[in-house]
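To start, the structure itself, in structure tokens.
The values are calculated or read from the model by the stated rules, or taken from the named source; none is laboratory data. The model shown is predicted, which means the values in this text are computed figures rather than measured ones. Positions of Cβ are generated from backbone atoms using ideal geometry, with glycine treated the same way; all protein chains shown enter the neighbour counts.
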Amino acid sequence: MVKRKKRDKKENIEKQQKSFFVDIAEHIELLIILFFIILNVFDMLEYMSPTFDYIDKISGIIGLAYLLYLVSPSRIILGQHLKKIDIALVSSYVLLMSDKFTSAAINAYQGIQEKAAELIQISYASSPGVPEFSVSVSNVNQLTSADLSSTFYEKVLSLLHLGHDQIYFTVSDGAQSKTLAASTVSFPFSNFSLTNLSNYIDGSLFYVMKWVVLNEVFIEKFALYLGGILLLCTAIYSAYKFEIKPASLLHVLHGDTKRFHKKHYRAIALFFVYCFFF
């Protein structure tokens with residue numbers, strides 16, 4: 001009897017959990033819209049950091065891609081709802097829009113550079129490394145904002161990258177010198193503050209933004225080739241695997257011509273239609 005009660009209790013918990021996730025899945029579009037509204041409110045209030053602004057732009061592209069998936073390009077072009085084709089088409093379209101991702105990353109990176117003084121934290125080097133540059137200051141024991149100019153912070157950001165998240169530099173006042181360390185304010189952090197949340201996020205994702213900026217050409221070319229190949233393969237697969245229904249865009253364009261029934265011609269036609277649909 002006790003075992004049965006435990007089993008029933010476990011089944012009820014599982015049903016509640018399943019119901020919770022089902023509710024989320026059913027209202028995913030509403031959650032996405034709500035997320036966009038919140039981001040736009042912060043954007044209007046000019047509270048968004050460069051990284052949040054980047055997330056906002058990327059989320060917009062992903063949201064449009066999801067809406068395109070719901071519209072079902074395969075239903076419009078082929079006359080039947082084919083999830084695999086829709087996923088392949090939307091994925092190829094997102095890859096072909098890689099320049100939107102990189103340009104947004106460049107803008108975010110420039111925004112981070114402008115607020116470099118807020119993102120760089122300076123500390124005494126616990127295990128001094130090799131100094132990469134030196135700075136002349138008025139007093140090594142009492143650094144001021146006048147000692148560390150915008151040029152200094154720009155230099156620090158130029159030296160930091162994914163594999164090198166801390167640099168060492170020497171400060172000297174003529175009489176004595178010290179070796180200090182510089183890094184971005186990032187996760188994990190010991191002194192968390194909600195007021196500095198945007199700085200923590202910018203500092204954490206700075207390295208990703210910089211990697212995208214440094215590899216912009218490679219990323220765009222790779223995504224362009226990959227998206228084009230995926231689009232071509234999808235067209236060939238669609239032509240040889242599926243029939244074109246009468247209630248479709250392709251059937252309206254080509255009708256029942258004999259040439260259209262040859263699958264290699266159909267593949268070419270599908271490729272151009274997929275491209276123009278983009």
query = Which ones in the stretch 138-170 are in contact with a Ser or Thr (Cβ under 9 Å, 6 or more places away or on another chain), among the charged types (D, E, K, R) and crowded, with 16+ Cβ neighbours inside 10 Å?
reply = Asp147
inquiry  = From the list Leu224, Leu230, Leu197, Leu253, exactly one residue is farther than 30 Å from Glu154 by Cα, modelled with pLDDT under 75 and either under 30 Å from the mean Cα position of the chain (by Cα) or in a helix (DSSP H, G or I) (or both). Which is it?
reply    = Leu253
ask   = Pairs, please: C-beta under 9 Å, at least 6 apart or cross-chain, first residue part of a loop (DSSP other than H, G, I, E, B) and in the stretch 156-181, second modelled with pLDDT of 80 or more and charged (D, E, K, R)?
value = Leu160/Lys210; Leu162/Lys210
inquiry  = Given (1) among the hydrophobic types (A, V, I, L, M, F, W, C); (2) within 17 Å of Ala267 (Cα to Cα); (3) without any contact (Cβ under 8 Å) to a residue 60 or more places away in the chain, identify the lone condition not met by Leu89.
reply    = (3)
